[in-house]
Amino acid sequence: EGYGNMAFIDRTVPNLGLLPELVNSFEAGLELKFFMNRLGLDATYYNTRSHNQITNMPVSAASGYYTAIVNSGIIENKGWEIQLNASPIKNNKFQWDLNFAYSRNKSQIIELAPNVERATLYEHWRLTVEARPDHPYGDIVGYGYKRDNSGNVLIDKNGMLVRDETPMVLGNFTPDFGLSLSSTFRYKNLRLSFLIDSQIGGDMFSGTNMYGYGYSGNFEETLEGREAWYQSEAAREEAGIHADEWNATGGYLVEGVYESGSIINGEDVSGQSNATYIDPYQYYQKVSMWQEEIHEPFIYDASFVKLRELSLSYSLPKEKLEKAWVKGLTFGVFANNVWLIYSQVPNVDPEAMLTNGNGQGYELYSYPNKRSIGISFSINI
């Protein structure tokens, strides 16, 4: 019969007094050419301040609404964009061209709306991406490890991590800078080119790893030695497997020190290095979204280096086309997303964010990026 007519109430407070967004921008550039255009430099510095940005801010649910549309304050972006072009070798038969690019953007939240300490840009699994005054845009805020005054991770008497109950800034998705290098080699009618692209700095939260490690156990890191822990203690004793053997084959030892008040076998071990092995399954469940949700183990450095493009082509010499109806004929092969050369993020691509909008820095259930290989054919009439 269907659901019939349905009515929805908009939970966002409208704002009839919105002001237009204003942007103050300063930009200065320099372009230089040397040695008959064999060497070139193009540099740009910019500084931009955005005022009265129109955003949704959270409000008390007791009001009957969830968010309100407001003018949110001032955000500053400043940085450099630099390109260096060079042709180290250039003659009638062979030419080598290089392009090096550097970009750096530094963002800063100058202020938000009145009486707003932070703005939530995205939220899922109790981890948020936020804008905070005097911070770079895009703080990643969630639950981390509880630590002592010396920075040591605290462990309870059962050998398990202790969660800090106060959410903390675990990272920021804004990269420090980007670098790219492209190069083209031409020998007679043969052309080979490639592009290496990189991002240095910036952090990300991987929800795929949190789910894969903590709940489903899909990743190989959760496999080694765990079969011993699926047996009951009685079964292990009957099989003659002693505690020391469990530790060697199936136990997991979390690095840290015992928290204050930890008593083991009648001895106060507070501040001592953890020596209690635990079931790996229990460890991964502890940090997963199905128990306490400790996000810190799944915050990664999002730096990467990629061989982004690679192509090889050949153009028929013009003298062979003098009697043909075409002026140019080129065919070749190409590949995109060829090789992830460097990454510190396991199991997922560091560029595979949930969204390119305000959810940057949050990855979840991403598919592997596709590598494409093709053949190109072009005709110039």
Partner aspartates and glutamates for Lys146 [C-alpha distance under 19 Å; skip if fewer than 8 residues away on the same chain]: Asp156, Asp164, Glu165, Glu255, Glu259, Glu292, Glu293, Glu296
Residue-normalised accessible area of the chain, expressed per residue, 1.4 Å probe, Å²: 61 Å²
Distance in nm between pseudo-label sites at Ser216 and Trp125 (7 Å out along the Cβ direction from Cα): 1.2 nm
Above-threshold pairs, the threshold being 26 Å between Cα atoms, out of Lys286/Lys370; Lys188/Lys320; Lys93/Lys320; Lys188/Lys306: Lys286/Lys370; Lys188/Lys306
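How large a share of the accessible area of the chain, in percent, is made up of carbon and sulfur atoms when the probe is 1.4 Å and the other protein chains stay in place? Don't skip to the end; give the middle numbers.
On the way: 12230 of 23280 Å².
With neighbouring chains kept in place, the figure for the chain is 53 percent.
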Hull-based mean projected area of region 307-359, where the convex hull spans the alpha carbons, in square nanometres: 6.6 nm²
Accessible surface of Phe334 - all protein chains present, 1.4 Å probe, nearest 10 Å²: 80 Å²
Part-to-part distance (alpha-carbon centres) for region 76-101 and region 251-268, which is given in Å: 58 Å
Kirkwood estimate for the chain, i.e. one over the average of 1/r between Cα atoms, Å: 26.1 Å
Label-point gap, in nm, between Ala28 and Val59 - each point 7 angstrom along Cα→Cβ: 4.5 nm
In nm, spacing of pseudo-spin labels at Thr12 and Leu307 (7 Å Cα→C-beta vector): 4.5 nm
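Relative contact order, percent, of region 139-230 when contacts are C-alpha pairs under 8 Å separated by at least 6 residues?
Result for region 139-230 is 22 percent.
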Burial ranking of peptide ranges 373-381, 76-84 (average Cβ count within 10 Å, highest at the top): 76-84, 373-381
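The values are calculated or read from the model by the stated rules, or taken from the named source; none is laboratory data. Everything numeric in this text was worked out from a predicted model, so none of it was measured. Cβ coordinates were reconstructed from backbone atoms using ideal geometry, including for glycine residues, and neighbour counts include every protein chain displayed. Side chains included, ligands, DNA and RNA excluded: accessible areas come from the protein's heavy atoms. Shrake-Rupley method; radii C 1.70, N 1.55, O 1.52, S 1.80 Å.
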